[in-house]
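**Q** Got a structure for you, written out below as structure tokens; questions coming shortly.
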Amino acid sequence: MKINNFKINEEGLNRFFGALEAKIMNYIWSSGQVTIREVQQHINNEKPISFNAVMTVMNRLVDKGHLHKETRGRITYFKAVQTKEQFLSEQTKSIAYGLIEDFGGLAVTNMVDAIQDVDPSLLKQLEEKLNEAKRRNEQ
């Protein structure tokens, strides 16, 4: 599922979700299957929030395809459709493809510069991926 609104000036999951959505998704990713009440109580420990607000956002996350909802008896359970790692992999791949499609070499150059500035140890990982891609292209 592709996120249509990437917020460049935010951090972490808030780049993909609203603040409450991000808190809910983080909690569900760390907890597995949960009820609205469990999520509301967890978030309420940080900042008071109504049950209805949490319920509305969780149902919107279902509508957006991020959560799966299952009712058993009188209790409704929610779980993430993807793991956090799957979600982040899919989103970062989509962003990288979009940047390269739109800006080509400029995007690649700036990504390498960013790697050097942010985490030079990632250069080795980039080099390994490039060598792997070269080997595949030679076959």
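**Q** Just the residues that are more than 18 Å from V81 (Cβ to Cβ) and exposed (fewer than 14 other Cβ atoms within 10 Å of the Cβ), please, taken from the stretch 1-36.
**A** N5, F6, K7, I8, N9, E11, G12, A19, listed by residue number.
Matching residues to (1) more than 18 Å from I3 (Cβ to Cβ); (2) outside the structural domain of Y27 (by TED's automatic domain parsing):
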{"position": "K64", "(1), (2)": "no, no"}
{"position": "T71", "(1), (2)": "yes, no"}
{"position": "K93", "(1), (2)": "no, yes"}
{"position": "Y97", "(1), (2)": "no, yes"}
{"position": "D102", "(1), (2)": "no, yes"}
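**Q** Scan the stretch 31-85 for residues that are acidic (D, E) and at pLDDT below 95 and report the count.
**A** Filtering the stretch 31-85 down to residues acidic (D, E) leaves 38, 46, 63, 70, 85.
Now narrow it down to the ones that are at pLDDT below 95: 46.
Final tally of qualifying residues: 1.
**Q** Sort out for me the helices (runs of 4 or more DSSP H) sitting completely within the stretch 1-119 that have 2 or more residues that are free of Cβ contacts under 8 Å to residues at least 12 places away in the same chain and touching a helix residue (DSSP H, G or I) at 6+ places or on another chain (Cβ under 6 Å).
**A** Helices (runs of 4 or more DSSP H) meeting the threshold: 84-118.
**Q** On to the next question. Filter the stretch 70-88 down to the residues that are within 19 Å of Q40 (Cα to Cα) and within 19 Å of the chain's Cα centre (by Cα) and list them by number.
**A** F78, K79, A80
**Q** Same structure again: So, L88, is that one at pLDDT below 95 and among the hydrophobic types (A, V, I, L, M, F, W, C) or not?
**A** When the stated conditions are applied, L88 does not pass them.
**Q** So which of S89, S121 is among the small types (G, A, S), more than 24 Å from N4 (Cα to Cα) and not assigned by TED's automatic domain parsing to the domain that holds S31?
**A** The unique qualifying residue is S121.
The values are calculated or read from the model by the stated rules, or taken from the named source; none is laboratory data. No experiment lies behind these values; they were computed from the predicted model shown. Cβ coordinates were reconstructed from backbone atoms using ideal geometry, including for glycine residues, and neighbour counts include every protein chain displayed.
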